[in-house]
Amino acid sequence: MNYPEQLLHYIWKYKLYTNQTFVSSDGDEIEILNTGMLNSNAGPDFFNSKIKVGNKTWAGNIEIHKSSSDWKKHMHHIDPVYNSIILHVVEKIDCDIYTQDNRKIPQIAIDIPHNVASNYTQLLNSSFTIPCTNTLKDVPKIHLNNWLYALLVERLERKTNDIYTILDKFNNSWDETFYVLLARNFGFGLNSEVFERLALSLPYFYIQKHSDNIFQVEALLFGQAGLLEDDTILDDYFLQLKKEYHFLRKKYTLNNLDGFLFKSLRVRPQGFPQVRIAQLAAVLQQSKRLFSHVLEKEDVDLLRLFFHINASEYWQTHYTFGKPSNKKTKYPGDSSINVILINTVAPILFAYGKKNNIEKYCTNALAILEDLKPEKNSLITEFKKHGINPLNAADTQALIQLRKEYCDHRKCLYCKVGYQILSGKVTTV
């Protein structure tokens, strides 16, 4: 099998090579004192390495390739950045190599240990969505828990970058950013994209101006969603909203979305987009500074109460416009509120803390996830089937990161579980 260069990086990083002392292509004895630190950006593969050539110690950088000839293929021989290389590590030595300043670089060849090659092949060719399915449960808990914590932080940092993109769009307005993120997550997966588009088409500033009037907030949201365009609905409340929206649309020069973009097929009535928009309106109408209220609430129960708000009176007897139903409150359910806390509140608190160097908010974000019950979905069910039982939402967020960013892309070389398997610390089945 033609193994990737990254496998050589892996063997070098974790010292999985069998030799402790090497002989260079020029016959010099070379001892590896420090393999260095892996560089994930442009430039040499390993920084701050240290080797001993004969009686002389060298400190510098190391480059790794499949074969010596890759040095020229990658144009390193004319790049001054690579003048700092003290050792070239390859699987196959097939030529001499020189730096841009014409210094000959010593080279050593390393073999891919049979057990590493075998384990890597099994993981790479696994037919399971989780490549290490048969081994996962045997990974020591301390290693798994440490990796899950790292994955959780990694997931929050990825979401932080997404939040910063929105923040830049709105000139560092955290209120607008929170509003867009909140609206997106009120779409609960199926309608997330169109709910985000709704928020982007309707600046939060306009919501704030009418936050003392739930009727006007609903008129703005339903009108912008394109859900007030049906001429066959003669419901009084619908017609009042429509009239109000037409006035506000002209006042603010708004352009609404197409109502057909909102999906309700195979959705339970309490999850209809009309109900979700009504619930979102009720949350937005609570305060002119929504994000400030979230920042102030450190306790997860207080945050839950903040989002546990009933939709307006009309929606007590409706799931959609013009079709009355039995009277029923329209509070968001516990699972819906959990989704908001997991995907809106925790990430934006983490992002705010990182942006402003306030550790408290990052810690609060982690605490919220640790306080919430584990999420339930097919991805988590699969991990549970193989012996991984998450204790809370922090664990499930970590497992989602593991599956989406590592398992799905077969990035076993970068996974701490993969390390346990590839190094032979855990035996594959």
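With the contact rule set at Cα under 8 Å and sequence spacing of 6 or more, what percent relative contact order holds for the stretch 49-133?
Rounded, it is 22 percent for the stretch 49-133.
So what's the stretch 373-429 giving for Cα Rg divided by 2.2 N^0.38 Å, two decimals? Let's see the in-between values first.
Values: Rg = 12.0 Å, N = 57, 2.2 N^0.38 = 10.2 Å.
After normalising by residue count via 2.2 N^0.38 Å, the value is 1.18.
Can you give the FRET efficiency for Asp236 and His293, using 1/(1 + (r/R0)^6), R0 = 30 Å, r = Cβ-Cβ distance, to the nearest 0.05?
Result of the calculation: an efficiency of 0.35.
Taking a virtual spin label 7 Å from the Cα of Leu38 along the C-beta vector, which residues in the stretch 1-24 bring their backbone nitrogen under 18 Å of it?
3-18
Leaving out ligands and nucleic acids, and using a 1.4 Å probe, what accessible area per residue does the stretch 66-160 come to in Å²?
Accessible surface, normalised per residue, equals 49 Å².
In 5 Å bins starting at zero, report the fraction of Cα pairs in the stretch 267-337 per bin as a rounded %.
Spelled out bin by bin, the stretch 267-337 gives 3, 16, 26, 22, 15, 10, 6, 2, 0 percent.
Show me the three semi-axes of the equivalent ellipsoid for the stretch 1-92, from the C-alpha gyration tensor (sqrt of 5 times each eigenvalue), largest first, rounded to whole Å.
Values: eigenvalues 71, 53, 38 Å².
Equivalent-ellipsoid dimensions as semi-axes: 19, 16, 14 Å.
Binning every alpha carbon pair distance of the stretch 171-226 at 10 Å from zero, what are the percents per bin?
25, 55, 20, 0
I need the Debye-formula profile for the stretch 124-228: one equal scatterer per C-alpha, no solvent, reported as log10 I(q)/I(0) at q = 0.11, 0.14, 0.20, 0.24 1/Å, two decimals.
Relative scattering, expressed as log10 I(q)/I(0), comes to -0.56, -0.72, -1.05, -1.29.
What's the angle, to the nearest 10 degrees (0 to 90), between helix 393-402's Cα axis and the longest principal axis of the chain?
The angle comes out near 50 degrees.
Pop out the carbon and sulfur fraction of the accessible area of the chain as a percent, whole number, probe 1.4 Å.
Of all accessible area on the chain, carbon and sulfur atoms account for 49 percent.
Quick one, can you get me the convex hull of the C-alpha atoms of the stretch 283-398 expressed as volume per residue in Å³?
On the way: hull volume 15.7 nm³, N = 116.
Convex hull volume per residue, Cα atoms: 135 Å³.
What FRET efficiency, computed as 1/(1 + (r/R0)^6) with R0 = 22 Å and r the Cβ-Cβ distance, is obtained for Asn83 and Gln6, rounded to the nearest 0.05?
Efficiency computed from Cβ-Cβ geometry: 0.35.
Looking at the chain, what % of its DSSP beta bridges pair antiparallel, to the nearest 5?
65 percent
How large is log10 of I(q)/I(0) for the chain at q = 0.07 Å⁻¹ when the intensity is taken from the Debye formula with one equal scatterer per alpha-carbon?
-0.51
With an 8 Å Cα cut-off and a minimum separation of 6 or more residues, compute the relative contact order for the chain in percent. The partial results should precede the final answer.
Details: 639 pairs, mean separation 64.4, N = 429.
About 15 percent, as a whole number.
So the label point goes 7 Å from the Cα of Phe128 along Cα→C-beta, right? Which residues of the stretch 370-390 then have their backbone N under 15 Å from it?
Flagged as within label range: 379-389.
Could you compute how fast the stretch 346-392 diffuses translationally, taking Rh as the Kirkwood radius over C-alpha pairs and applying Stokes-Einstein at 20 °C with viscosity 1.002 mPa s? Give it in µm² per second.
After rounding, the answer is 179 µm²/s.
The values are calculated or read from the model by the stated rules, or taken from the named source; none is laboratory data. Remember, it's a predicted structure, so these values are computed and weren't measured experimentally. Glycine also receives a Cβ, built like all others from the backbone with ideal geometry; neighbour counts cover every protein chain displayed. With ligands, DNA and RNA removed, areas are computed over all heavy atoms of the protein, side chains included. Shrake-Rupley method; radii C 1.70, N 1.55, O 1.52, S 1.80 Å.
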